[in-house]
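See below for the structure under consideration.
The values are calculated or read from the model by the stated rules, or taken from the named source; none is laboratory data. All values reported here derive from a predicted model rather than from experimental measurement. A quick note on method: Cβ atoms are made from the backbone with ideal geometry, for glycine too, and the neighbour counts reach across all protein chains shown.
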C-alpha cells in the first residue's frame, strides 16, 4: 500500500518527467470529441443530461481559443498565478502551487447563463493554505476577488484542509451567501456538478444532490479551475489539484 506522502511525491516526479514545463498549443487542430456515454458516477448519467455542449478532456493541448490562462497576482493579491504552473499528462490537467504562492488558474471561454457544469477532480494531501476551487464566475474568469455582479458559485472549494476530506459548496448572490459541506475522501476521484437555472441552483457530488437553493446567478457564467493561496490561513507548503475533465451542458438537455 502506497502512503499518501509517497503518492504525492510520485505524482510530482511523474509530472516533471512529462517535460511539459509550459502549455503547448496547437492552433487549428480539431477539439476532442465529447464522450457519447457519461461517467457512471456523474450527475449527467444520474439525471439524463444528454450530450455536452462543450467538453475539455485534457489531452495534449490547451487551446487559447477555449481558455483564459491567469497571469496575474494571486487571490487578494497574494502570490502569483502563472500558466507555468499548469501541466498536462496522461489525459489530465494538473494545477501545482509552490510554497511561495506561485500557483495556477484558468477559465473556460465557453459561457452560458443557465445550464449545467460538471468536472471530475482528484486532490492530494498538501498545504492547508491552498484552496482548490471549481467555480462559476461572471464571464471571462475568476481572477478577481469580488464578482462585479455579486454572483459566484463555488461547486467545489476546500478550505484549510490539508488531508482533503471536507468539500464545500458556496452560492454567492445579491441575496447573500449559502453553503453546504460534506465528508468525502477527495484524494480519490469524484465528480462535482452544478445546475444553474431561472428557478435556482442545485449542486451534485458523485451524481447525488448535496445543495439546493431557490436563488441563482442570472449573468453569463464561466467555469473556472483555480488553486488559490491564502497565506497564514492554514499550513504552509505545496499543493496539487488534478482534473480529469470538464463538461458543459445546455439547460434544455
Any hit, region 130-152, residues being more than 17 Å from residue 225 (Cα to Cα) and surrounded by 20 or more Cβ atoms within 10 Å (Cβ to Cβ) | no
The condition from (1) in a loop (DSSP other than H, G, I, E, B); (2) surrounded by fewer than 16 Cβ atoms within 10 Å (Cβ to Cβ) that residue 52 misses is numbered (2)
Pair list, Cβ under 8 Å, 6 or more apart: region 176-190 residue at pLDDT below 95, other residue not in a loop (DSSP other than H, G, I, E, B) = none
Whichever residue in region 193-209 is without any contact (Cβ under 8 Å) to a residue 60 or more places away in the chain and surrounded by 18 or more Cβ atoms within 10 Å (Cβ to Cβ) and, among such residues, is nearest to residue 176 (Cα to Cα) = 201
Residue 138 is checked against (1) touching a strand residue (DSSP E or B) at 6+ places or on another chain (Cβ under 6 Å); (2) at pLDDT below 95 and fails just one. What number does that condition carry?
-> (1)
Selection within region 199-240 - out of contact with any strand residue (DSSP E or B) (no Cβ under 7 Å at 6 or more places or on another chain) and part of a strand (DSSP E or B) | 208
Only unsatisfied item for residue 196, checking (1) closer than 19 Å to residue 131 by Cα; (2) assigned to a strand (DSSP E or B), is (1)
